[in-house]
Amino acid sequence: MVDNPPQLEPRYAGFWLRLGASVIDVVILLAIIAPIEIAVYGREYPALAMAGKTLAVDFWTQLVLPLLAMIVLWRYRSATPGLMLMSARIVDAETLAPATIGKLTLRAVVLLLMWLLFIPLIGVLWIAFDKRKQGWHDKAAKTVVIRSADD
């Protein structure tokens, strides 16, 4: 009879690591979005944006496309570029296997709703106090963010 080795608890990615990953992701997004916005509106973009005249393009470049890119990266790389640089990945909370597209979409929608409802601070700060370092979006989607075993 073969003994089964004890299952080790995964190394959950904590608040500061995930915050650092998010900052990296935002910088990358800005480097992509800003040239697009300036190409469409020129140097007048900031003034036009303040006047509410850029909403159609802003909706696509600042919301829809980044959200889709995030879901695709989560699905095929289990991480955004920031999480990849931090050697962390998003997985199913129960199996630790890559999360399904349904779970990842739910995770993105809950994260988006938290930002739109101006409650990200609570839902994301929850990561710092949760045993498994899950934010509300992780809990809703039943996902966790874990560190690679070789780090």
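The values are calculated or read from the model by the stated rules, or taken from the named source; none is laboratory data. Computed from a prediction, not measured in an experiment: that's the story for all the values here. Reconstructed Cβ throughout: ideal geometry from the backbone, glycine too, with neighbour counts over all protein chains shown. Surface accessibility is based on the protein's heavy atoms, side chains included, excluding ligands, DNA and RNA. Shrake-Rupley method; radii C 1.70, N 1.55, O 1.52, S 1.80 Å.
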Exactly one of ALA108, ALA56, ALA49 is open to solvent by 70 Å² or more (accessible area, probe 1.4 Å), assigned to a helix (DSSP H, G or I) and among the small types (Gly, Ala, Ser), and that one is ALA56
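Listed here are the residues, each with its yes/no results for (1) surrounded by 13 or more Cβ atoms within 10 Å (Cβ to Cβ); (2) free of Cβ contacts under 8 Å to residues at least 12 places away in the same chain; (3) hydroxyl-bearing (Ser, Thr, Tyr); (4) closer than 22 Å to ARG11 by Cα.
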| residue | (1), (2), (3), (4) |
| --- | --- |
| THR61 | yes, no, yes, no |
| ILE71 | yes, no, no, no |
| GLY82 | yes, no, no, yes |
| ARG89 | yes, no, no, yes |
| GLY102 | no, yes, no, no |
Pick out the one residue from ARG77, ARG43, ARG11 that is touching a residue at least 60 places away in the same chain (Cβ under 8 Å) and open to solvent by 60 Å² or more (accessible area, probe 1.4 Å). ARG11
All but one of (1) closer than 14 Å to ALA141 by Cβ; (2) under 14 Å from the mean Cα position of the chain (by Cα); (3) touching a residue at least 12 places away in the same chain (Cβ under 8 Å); (4) open to solvent by 60 Å² or more (accessible area, probe 1.4 Å) hold for LEU113, so report the exception by its number. (3)
Does the stretch 121-138 hold any residues that are open to solvent by less than 20 Å² (accessible area, probe 1.4 Å) and either hydrophobic (A, V, I, L, M, F, W, C) or modelled with pLDDT under 90 (or both), and which are they? GLY123, ILE127
